[in-house]
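Undergrad: What follows is a single structure, and I will ask about it in a moment.
The values are calculated or read from the model by the stated rules, or taken from the named source; none is laboratory data. Because the structure is predicted, anything quoted here is derived from the model rather than measured. Counting neighbours? That spans all protein chains shown, and the Cβs are built from the backbone with ideal geometry, glycine included.
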Amino acid sequence: MRPFRVLLVLALLCAAASALTAESPAIGAAAPDFQLTTVDGKSFSLASEAKSHKAVVVMFISTQCPYSNAYNDRMRDMASAYAAKGVLFAGINSNKTEDAAAALSHAREHGHTFPIMKDPGNKVADAYDAQHTPTVYVIDAQGKVRYEGRIDENSENPKGVTSPDLVNALDSLLAGKPIAKTTTKAFGCSIKRV
């Protein structure tokens, strides 16, 4: 009887653990809302920002990850270019190994003027099931996820960007057209969770 109880307890624990495992929000589903404070002390609410913009690009980024850092200039330039089109870029740093002061210094060093927030306890990363930096999510004005994945296919491609996935998703969304590729695989450093 004892081995049966042990197996039963193990089975129940496994079932509970799998129920707690987060999944990325489905394309077309409501984006998990969050409220955080930016590294320069301002309040940020995804729901409010989504309503007041045509789209919000939520980017999970890092100050130390070479993959994320390879995109610093592109993130800055895209945020600037798309701001004029009603799109807000917002960076989230969920790494327990990087504090708010480092995130603020990094933003200033790279000319990032978009909101950047620390994610205490990586709760937002968990809600989105974000695993790597950089990973991006495009949220439309109704608060629905329209794209998830990489910025583009390769930060070091000598022939240039051949698959500008985020640009394609934003341009389609802004033109009122269906996004051809709604999900791509993000590559980068793993998020250092609590």
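Undergrad: Within segment 87-111, track down each residue that is surrounded by 15 or more Cβ atoms within 10 Å (Cβ to Cβ), among the small types (Gly, Ala, Ser) and more than 15 Å from the chain's Cα centre (by Cα).
TA: Ala100, Ala102, Ala103, Ala107
Undergrad: Going by the conditions given, is Phe187 closer than 18 Å to Ser24 by Cα and within 13 Å of the chain's Cα centre (by Cα)? Working first, answer last.
TA: Values: closer than 18 Å to Ser24 by Cα: yes; within 13 Å of the chain's Cα centre (by Cα): yes.
Criteria met by Phe187.
Undergrad: Could I ask something else about it? When you scan segment 64-107, how many residues do you find that are part of a loop (DSSP other than H, G, I, E, B) and either under 22 Å from Pro120 (Cβ atoms) or without any contact (Cβ under 8 Å) to a residue 24 or more places away in the chain (or both)?
TA: Going through segment 64-107, the residues part of a loop (DSSP other than H, G, I, E, B) turn out to be 64-65, 70-71, 84-86, 94-99.
Subsequent filtering for residues that are either under 22 Å from Pro120 (Cβ atoms) or without any contact (Cβ under 8 Å) to a residue 24 or more places away in the chain (or both) retains 64-65, 84, 94-99.
Residues that pass the stated criteria total 9.
Undergrad: Check segment 49-63 and report whether any residue there is assigned to a helix (DSSP H, G or I) and surrounded by 14 or more Cβ atoms within 10 Å (Cβ to Cβ).
TA: Restricting attention to segment 49-63, the residues satisfying the condition of being assigned to a helix (DSSP H, G or I) are 49-51.
Filter once more, so that each one left must be surrounded by 14 or more Cβ atoms within 10 Å (Cβ to Cβ): 49-50.
The answer is yes, given that some residue of segment 49-63 is assigned to a helix (DSSP H, G or I) and surrounded by 14 or more Cβ atoms within 10 Å (Cβ to Cβ).
Undergrad: Among Glu148, Glu153, which is out of contact with any Gly (no Cβ under 6 Å at 6 or more places or on another chain) and under 17 Å from Val56 (Cβ atoms)? Lay out the reasoning, then the answer.
TA: Working: Glu153 fails: under 17 Å from Val56 (Cβ atoms).
Unique residue meeting the criteria: Glu148.
Undergrad: Okay, next question. Yes or no: segment 147-170 includes at least one residue that is crowded, with 16+ Cβ neighbours inside 10 Å, modelled with pLDDT of 95 or more, at positive phi and in a loop (DSSP other than H, G, I, E, B).
TA: The answer is no; no qualifying residue exists.
Undergrad: Step by step: first the residues of segment 41-54, then only those that are in contact with a strand residue (DSSP E or B) (Cβ under 8 Å, 6 or more places away or on another chain) and of a type in the set (D, E, K, R), then the one that is nearest to Ile92 (Cα to Cα). Which residue is that?
TA: Among residues in segment 41-54 that are in contact with a strand residue (DSSP E or B) (Cβ under 8 Å, 6 or more places away or on another chain) and of a type in the set (D, E, K, R), the one nearest to Ile92 (Cα to Cα) is Glu49.
Undergrad: Further question on the same structure: Would you pick out the residues in segment 171-194 that are buried (at least 17 other Cβ atoms within 10 Å of the Cβ) and over 27 Å from Asn122 (Cα atoms)? I'd like the intermediate steps shown before the answer.
TA: From segment 171-194, those buried (at least 17 other Cβ atoms within 10 Å of the Cβ) are 172-173, 179, 182, 184, 186, 188-189, 191; that's our starting set.
The answer is Ser172, Leu173, Ile179.
Undergrad: Something else: Test Thr133 against the criterion of being out of contact with any Phe, Trp or Tyr (no Cβ under 9 Å at 6 or more places or on another chain) and more than 17 Å from Pro25 (Cα to Cα), and give yes or no. Show your work before the answer.
TA: Numbers: out of contact with any Phe, Trp or Tyr (no Cβ under 9 Å at 6 or more places or on another chain): no; more than 17 Å from Pro25 (Cα to Cα): yes.
Against the criterion (out of contact with any Phe, Trp or Tyr (no Cβ under 9 Å at 6 or more places or on another chain) and more than 17 Å from Pro25 (Cα to Cα)), Thr133 does not qualify.
Undergrad: Can you tell me which condition Phe114 does not meet? The list is (1) in a loop (DSSP other than H, G, I, E, B); (2) surrounded by fewer than 17 Cβ atoms within 10 Å (Cβ to Cβ), and all the others hold.
TA: The failed condition is (2).
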